[in-house]
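What follows is a single structure, written as structure tokens, with notes after it.
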Amino acid sequence: MIKDRFSRIGFILAATGSAVGLGNIWKFPYITGDNGGGLFVLVYLVTILFVGISVFIAESYVGYATHKNSVDAFETLAKSNKQAWKFGGFTFVTALAILSFYVVVIGWILKYMVVSITTLPQSVQEAQNMFLGMLKEDMFSQIGYFVVAFLIVAFIVSKGVKSGIERVNKILMPALFLLLIGMLLYSMSFDSFGTALHFMFYPDLTHFKSESILIAVGHAFFTLSIGMAAILTYSSSLETNTNIVKSSVIVALLDTLVALVAGIVIFTILFNAGFESSQGAGLVFITLPALFYEFGAIGNILSLAFFTALAFAGITSAISILEPAVRYVEEKKEVSRVKATYMISFGIALIGLATLLSNLTPFSNTLTFGDKNLFDWFDFISSSILLPLGGIVTALFVGFFIDQNHLKTNMLHYMSKGVYNTWLFSIRFIVPLGVGIIMIEKLGLFS
Ligand code: PHE
């Protein structure tokens, strides 16, 4: 049982730090843009409410009720077949797969912090050349930034829950909120602010596609960090006597708010320059830097603020992705946390390096399999298959395979009977069926 624990506020900040990540500031705005705005945002919000928060609470329960690493937590709570259920805790393997390419992106962000104060690209064309040049040709600086990013993440995790993870989140999360509030206030001074609001909140059917629903649901999992033992592991390091339901709702709320604010700020800047909403994945790395340039000196500051916020969001997520595996190795193999952290980080960095190389022209042929290179495969397999699968397993586990009386008694401390029954219905039926159908559709199993 872990002794090194979060304080209550430390947990809320750390779990929010985990949830608020590249998914909120980089991915959410561009997929909202590509999927037509308002209606997409609505589906995303409904999914967070009915699916995301339910799984979040279930995962928190497994960690909090046992205070153990994810594998032992599943084994302890299972009513029978303990040896088989243990594998429910091995979802941290998904986390490691995500970490390998997630840190590559943090490396790009660190580079763009430098670009912000040195040479912002002067046009979208130049910005595109700059980004693609880095991605496809510039091996050394990419590896350099990647290594720095990995060292930062590993260093924080090696310091432990209280003096590493909690301490960093207590500084970076408020700083991130301030940066975002500052950018939101600034964006209010533009005429396009209203257009951005309208785009994001007016449910318009024109650009909504059927796969938009699937994308919104998949993203709800990714953004809440559920389905891969991260929230479970953080909750296992939580002080007793904490209201896990209330904290889950707060985290989901903050995560959603950050995504919405990031979207509003980015679309205000985009529409101000007369751009279309659909800019694809290059929105943050290509379109924005070129637009920041137009603002003159204030553009450099704005750009630095933006990429710093993005770096903070990415780092606080990455540490939560590394933590579950570190906790497991630390507890099961009885090695020190420092050793566990650096061993795992080294292994994952090698895989990350392969995903990084797969984007580079000289290596892309060798590292492309079928229609995707290694980087895209890792992204696809983890978010489209492993995360939803992890979510379903956790929901079914808590809904059917643990002591239900115990669960009910515990949960009724935190929610009314009506809410409890709704929650139980959600994890027993809505999550497995809803998410199951999405996975089948997304993977095209029946087409
Ligand atoms: N939630 C993070 C984001 O939105 C990513 C993440 C996924 C973090 C899974 C932890 C676990 O970027």
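Observations, loosely collected:
- All conditions but one from (1) more than 16 Å from the ligand (Cβ to nearest atom); (2) buried (at least 24 other Cβ atoms within 10 Å of the Cβ) apply to THR240; the one that does not is (2).
- Residue check, ALA149 in a helix (DSSP H, G or I), under 30 Å from VAL398 (Cβ atoms), within 16 Å of the ligand (Cβ to nearest atom) and of a type in the set (A, V, I, L, M): no
- Here GLY160 clears all of (1) under 18 Å from the mean Cα position of the chain (by Cα); (2) open to solvent by less than 10 Å² (accessible area, probe 1.4 Å); (3) within 20 Å of VAL326 (Cβ to Cβ) except the condition numbered (1).
- Per the conditions (1) surrounded by 19 or more Cβ atoms within 10 Å (Cβ to Cβ); (2) more than 29 Å from LYS246 (Cβ to Cβ); (3) within 14 Å of the ligand (Cβ to nearest atom), the sole criterion not satisfied by ASP34 is (3).
- Flag for GLY390 being in contact with a Leu (Cβ under 8 Å, 6 or more places away or on another chain) and of a type outside the set (Asp, Glu): no
- Criterion: open to solvent by less than 10 Å² (accessible area, probe 1.4 Å) and away from the ligand (no atom under 16 Å from the Cβ) - qualifying residue of ALA15, ALA95, ALA73, ALA58: ALA73
- Every residue from region 389-424 that is part of a helix (DSSP H, G or I) and exposed (fewer than 14 other Cβ atoms within 10 Å of the Cβ): PHE400, GLN404, ASN405, HIS406, LYS408, THR409, LYS417, GLY418, VAL419, ASN421
The values are calculated or read from the model by the stated rules, or taken from the named source; none is laboratory data. Treat the numbers as computed from the prediction; the structure is a model and nothing was measured. Because the Cβ atoms are built from the backbone with ideal geometry, glycine has one as well, and the counts that use them run over all protein chains shown. Just the protein is used for accessible areas: all its heavy atoms, side chains included, with ligands, DNA and RNA removed. Shrake-Rupley method; radii C 1.70, N 1.55, O 1.52, S 1.80 Å.
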